């Protein structure tokens, strides 16, 4: 091989390596974006579940208070 051919082969090799590295970086970024999306989705789900749980407790508390109001039996203080 002549010097220009060696230089051309080296440039092609460097370009190929740069493309491979860029592809790996892009794949890693996509993977990281997926992780971030999953974390956000989990956070939103936890938030919704907590809201529902608090609503249920509120409904249960209201029902208990209503029963106490309607129930004519005197209650002893513990």
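Throughout, read-outs are computed from the coordinates displayed, never taken from laboratory work. Please read these numbers as outputs of a predicted model, since none were measured by experiment.
For the reader, a short list of remarks on this structure follows.
- Compared with the dominant Cα axis of the chain, that is its longest principal axis, helix 3-70 is turned about 0°.
- Helix-only [θ]222 nm of the chain, DSSP H runs n ≥ 4, -39500 (n - 2.57) each, per residue, nearest 500: -33000 deg cm²/dmol
- Listed values (1) 3, 12, 7, 9, 7, 6, 7, 5, 6, 5, 4, 5, 4, 4, 4, 3, 2, 2, 2, 1, 1, 0; (2) 3, 18, 25, 21, 15, 9, 5, 2, 1, 0; (3) 3, 13, 21, 20, 17, 12, 9, 4, 1 include one computed from this model; for P(r) over Cα pairs in 5 Å bins from 0, in percent that value carries the label (1).
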